[in-house]
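See below for the structure under consideration.
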Amino acid sequence: MSLLRSVFSIIALTKPINTAGTVQTRRNFKRWVSPTLRELAHRVKKQGPQKPEPRSGFLEWNYRSELFAFGKRLNEEFQLPILQIAFTQQAYANQEQERQRKLGIAEADLQISDNKQLKAKGAHITRAYVEAYLQHSLPKLPPAGQKAITSYLLSTETLAHVSMHLGTKELIFSTEYPPNSETLAETLQAIIGALADSSGVDRAFLFVRDFICTQLNQKDLLDIWTPEQPLELLSEICNQRKLGEPEPRLLGDCGKNTLLAAFQVGIYADRQLLGKGFGENVQTATETAAICALLTLFDMHENRRPFDFQIQLETKNVRLG
Amino acid sequence: MSNSHLFLKSGFPRAPLQNGLGRYVCQLQRITLKFCKNNGSSRGMRDFIENHLVDFAKENPGIVVYVKPRRHRTPVLVGEYLNGDREWLSCRNSTQDEISKWIDLLKTQNGSSSSMRLRKMWHTDVPSIQGPWTPFLLRSPDANNQTLPSKEASQPFDIPQTATEKLIELFKQQKLEEGKAGDEILEQKRAE
């Protein structure tokens, strides 16, 4: 055995001497790298597009810190248990209860509260404040217009957009990921409810003003609400305000009887120009002019004074019902 | 713009969610510091964590800070923004001052700036305050009473004086200076 070992050691000693001249360090990519990457890429392609992974599944994730930071980021004082309830969707709570029941946990410990009540409360507060804000900012607008702008601000898309940009996407407990826009919108309302519970209705009002009402900034209000049958509405408004009967007059035309005809019509009431409008025929131009006149009368024309987002509405002006 | 930026997303500077109009919300929502506990390239990151990280977290309660040690890897800063962007920064061999500055940059921007090329340094939704020009803009009131086609309206405003007209004018002026009515002389000449 010892003889065998000595023979091996001799071979081991002699080997490097023989190959010393031919060994060289190689600094290129190994031959296996490219086929391996190709195979991996092939497998990824075969699997198809993957669902986005929830951030909460990562190793560096602390839900409590995230909740704390959520409140601090928005400059609000939340009570964390209430905030956590606001992030829990009803479907998720039910699913979780079912799961725990299957695991054999006692019924008494199965109480998981969800955000249904907070959501109702938040939705109520939001609607009341938005209505009061519009009443204050656009006092001359008729109820139909105020209703249209309110429903724009409280629509699922607007609320979901706001909610998404406040960073609720990762914090929501919901059955699907990423949460759909309805879930996002409901969660935002629940957060407003939670804020009212934590630091009072006044802070909730300011929250609505700062994050939801500001969505009106630089928006074309005509896109949100266009008066139907503007001429009739205009004569009605003129009668109400005693401006005299509105009367359309042709201000100019260009290219009559051609494909590119343009007419400009002005609407006068009591010899005062109320609004001007263009159109490819006189009727369209008259309607455009009527809309222009209405916008001026309602104080929502393009060069109106910008919305004031610093106002403090008095709480008694907000009708909480 | 270099070749590697050809397919970079481009856009304009925009404040997300009308930020700053109602109240300011810091757009950096979480930051992860990854470093090695004994590799030399992480030295600055370790110094930063030792000396400044607690102060940073206290000053910015709205930013969640995660610290992730990992062996023999380069130190890295990962910032995540409210708009869903994620910015990855290598801090290999950086000093703690450099890291403070990079973190300050991440804190003050509103999305991953390295993943977007700015087309302009400004943006407006209302490019013209006056509105577009139309043929009806600033028109003379006379135009309303004109019957078309009319001769004056059909010719250009700037017809230069012809040589004949100029000569006639010169001639009249000369005759006026001589004390005679220019028209009479002209008639005489024509009769001749």
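Looking only at helices (runs of 4 or more DSSP H) that lie completely in the stretch A:199-262, which have at least 3 residues being out of contact with any Ser or Thr (no Cβ under 8 Å at 6 or more places or on another chain) and closer than 27 Å to A:GLY167 by Cα? I'd like the intermediate steps shown before the answer.
On the way: elements: A:201-211, A:221-224, A:230-241.
Answer list for the stretch A:199-262: A:201-211.
Counting only residues that are under 14 Å from A:GLY71 (Cα atoms) and of a type in the set (A, V, I, L, M), which one in the stretch A:149-189 is farthest from the other protein chains (Cβ to nearest Cβ)?
Per the criteria, the residue is A:LEU188.
Quick check: anything in the stretch A:144-154 surrounded by 21 or more Cβ atoms within 10 Å (Cβ to Cβ) and touching a residue at least 60 places away in the same chain (Cβ under 8 Å)?
The answer is yes, given that some residue of the stretch A:144-154 is surrounded by 21 or more Cβ atoms within 10 Å (Cβ to Cβ) and touching a residue at least 60 places away in the same chain (Cβ under 8 Å).
I'd like the residue in the stretch B:13-56 that is touching a strand residue (DSSP E or B) at 6+ places or on another chain (Cβ under 7 Å) and surrounded by fewer than 16 Cβ atoms within 10 Å (Cβ to Cβ) and, out of all such residues, is nearest to B:ARG92 (Cα to Cα).
Only one residue fits best here, namely B:LYS37.
Would you say A:ASN28 is part of a loop (DSSP other than H, G, I, E, B), more than 20 Å from A:LYS169 (Cβ to Cβ) and over 22 Å from the mean Cα position of the chain (by Cα)?
Working: part of a loop (DSSP other than H, G, I, E, B): yes; more than 20 Å from A:LYS169 (Cβ to Cβ): yes; over 22 Å from the mean Cα position of the chain (by Cα): yes.
Criteria met by A:ASN28.
Among (1) in the same structural domain as B:ASP47 (by TED's automatic domain parsing); (2) at pLDDT 90 or above, where does B:LYS166 come up short?
Failing condition for B:LYS166: (1).
(1) over 30 Å from B:GLN146 (Cα atoms); (2) in a helix (DSSP H, G or I): which one isn't true of A:ALA293, the others all being true?
For A:ALA293, the exception is condition (1).
Would you be able to say whether some residue in the stretch B:34-53 is touching a Leu at 6+ places or on another chain (Cβ under 6 Å) and within 13 Å of chain A (Cβ to nearest Cβ)?
Here is the first cut: in the stretch B:34-53, the residues touching a Leu at 6+ places or on another chain (Cβ under 6 Å) are none.
Looking for residues that are touching a Leu at 6+ places or on another chain (Cβ under 6 Å) and within 13 Å of chain A (Cβ to nearest Cβ), one finds none in the stretch B:34-53, hence no.
Confirm whether A:VAL282 is in contact (Cβ under 8 Å) with a residue 24 or more places away in the chain, aliphatic (A, V, I, L, M), in contact with a strand residue (DSSP E or B) (Cβ under 9 Å, 6 or more places away or on another chain) and surrounded by fewer than 18 Cβ atoms within 10 Å (Cβ to Cβ).
On the way: in contact (Cβ under 8 Å) with a residue 24 or more places away in the chain: yes; aliphatic (A, V, I, L, M): yes; in contact with a strand residue (DSSP E or B) (Cβ under 9 Å, 6 or more places away or on another chain): yes; surrounded by fewer than 18 Cβ atoms within 10 Å (Cβ to Cβ): yes.
Spelling it out, A:VAL282 is indeed in contact (Cβ under 8 Å) with a residue 24 or more places away in the chain, aliphatic (A, V, I, L, M), in contact with a strand residue (DSSP E or B) (Cβ under 9 Å, 6 or more places away or on another chain) and surrounded by fewer than 18 Cβ atoms within 10 Å (Cβ to Cβ).
List the helices (runs of 4 or more DSSP H) inside the stretch A:62-106, counting only whole elements, that have at least 1 residues being within 23 Å of A:PHE205 (Cβ to Cβ). Walk me through it before giving the result.
Working: elements: A:63-73, A:80-86, A:90-102.
It comes to A:63-73, A:80-86.
Counting only residues that are touching a strand residue (DSSP E or B) at 6+ places or on another chain (Cβ under 8 Å) and surrounded by fewer than 17 Cβ atoms within 10 Å (Cβ to Cβ), which one in the stretch B:67-84 is farthest from the other protein chains (Cβ to nearest Cβ)?
Restricting attention to the stretch B:67-84, the residues satisfying the condition of being touching a strand residue (DSSP E or B) at 6+ places or on another chain (Cβ under 8 Å) are B:67-70, B:73-82.
Among the residues that remain, those that are also surrounded by fewer than 17 Cβ atoms within 10 Å (Cβ to Cβ) are: B:67-70, B:73-74.
Values: B:VAL67: 8, B:LYS68: 5, B:PRO69: 11, B:ARG70: 10, B:ARG73: 14, B:THR74: 17 Å.
By that ranking, first place goes to B:THR74.
Only one residue in A:GLU98, A:GLU107 is closer than 18 Å to A:SER174 by Cα and either in the same structural domain as A:PHE173 (by TED's automatic domain parsing) or touching a helix residue (DSSP H, G or I) at 6+ places or on another chain (Cβ under 8 Å) (or both). Which one? Write out each step before concluding.
Details: A:GLU107 fails: closer than 18 Å to A:SER174 by Cα.
From the options A:GLU98, A:GLU107, the qualifying one is A:GLU98.
Quick one: would you say A:LYS45 is free of Cβ contacts under 8 Å to residues at least 60 places away in the same chain, assigned to a helix (DSSP H, G or I) and loosely packed, with under 10 Cβ neighbours inside 10 Å? Explain how you work it out, then say what you get.
On the way: free of Cβ contacts under 8 Å to residues at least 60 places away in the same chain: yes; assigned to a helix (DSSP H, G or I): yes; loosely packed, with under 10 Cβ neighbours inside 10 Å: yes.
Yes; evaluated as a whole, the condition is true for this residue.
Sort out which residues of the stretch A:199-238 are within 14 Å of chain B (Cβ to nearest Cβ) and at positive phi, and write them in order of number.
Selection gives A:GLN218 alone.
Find the residue count for the stretch A:180-220, including only residues that are under 16 Å from A:THR150 (Cβ atoms) and either without any contact (Cβ under 8 Å) to a residue 40 or more places away in the chain or not assigned by TED's automatic domain parsing to the domain that holds A:THR126 (or both).
The qualifying residues number 2.
Within the stretch B:1-60, work out how many residues are in a loop (DSSP other than H, G, I, E, B) and within 29 Å of B:MET116 (Cβ to Cβ). Step through it out loud before you land on a result.
From the stretch B:1-60, those in a loop (DSSP other than H, G, I, E, B) are B:1-2, B:6-8, B:12-15, B:19-27, B:36-39, B:52, B:60; that's our starting set.
Restricting the remaining residues to those that are within 29 Å of B:MET116 (Cβ to Cβ) gives B:1-2, B:6-8, B:12-15, B:19-27, B:52, B:60.
Result for the stretch B:1-60: 20.
The values are calculated or read from the model by the stated rules, or taken from the named source; none is laboratory data. Since this is a predicted model, take the numbers as computed values, not measurements. Because the Cβ atoms are built from the backbone with ideal geometry, glycine has one as well, and the counts that use them run over all protein chains shown.
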